[in-house]
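Notes follow once the structure below has been shown.
All of the numbers you see were taken from the coordinates with simple rules; none came from a lab. All values derive from a computational prediction rather than experimental measurement. Cβ placement follows ideal geometry from the backbone for every residue including glycine, while neighbour counts extend to all protein chains displayed.
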Amino acid sequence: METNLKFEDIPALLQLQQAQLTRIEMMLARPAEPQKPQQFGVAGFHDYLKSLGLEMSPSKQQKMSAKGEIPSHKFNGHLVFIKDEIDEWIQSQTSTNVKANGKSDATLLLAKNANKKLNKGGKSA
């Protein structure tokens, strides 16, 4: 590609380049937009707990959310869990509420749920 560049065109081209560089610098200097917190629906929350080795049925999640026992939000009629809030809740359940036998409320709750499921299936715990 051949261009016929004249000496007298150079100042205008340099000015154009400077304007483009200034726009790029402004874009780079602009603070990044805050990231949207990761959130889950009931199924995603169930999968997240499962990935942490915790089991809780979706119906139990909904019941505990309705009672305010789990941090949750309603958005357009759907139950939404925010990961950071859930992580804080899990941490608070496992570190501050340790019983005399060394088990936390969350661990005891999950164990009770597991026993109920086993008993419903005709098996003994």
Inset, instruction - Quick one: which residues, 5+ away or cross-chain, put their amide H under 5 Å from the amide H of residue 39? H built at 1.01 Å from N. - result: 83
Legend entry - Chain lengthening between residue 14 and residue 74 when straightened (0.36 nm per residue, less Cα-Cα): 16.1 nm
Legend entry - residue 52-residue 26 FRET efficiency (beta carbon distance; Förster radius 41 Å; 0.05 resolution): 0.45
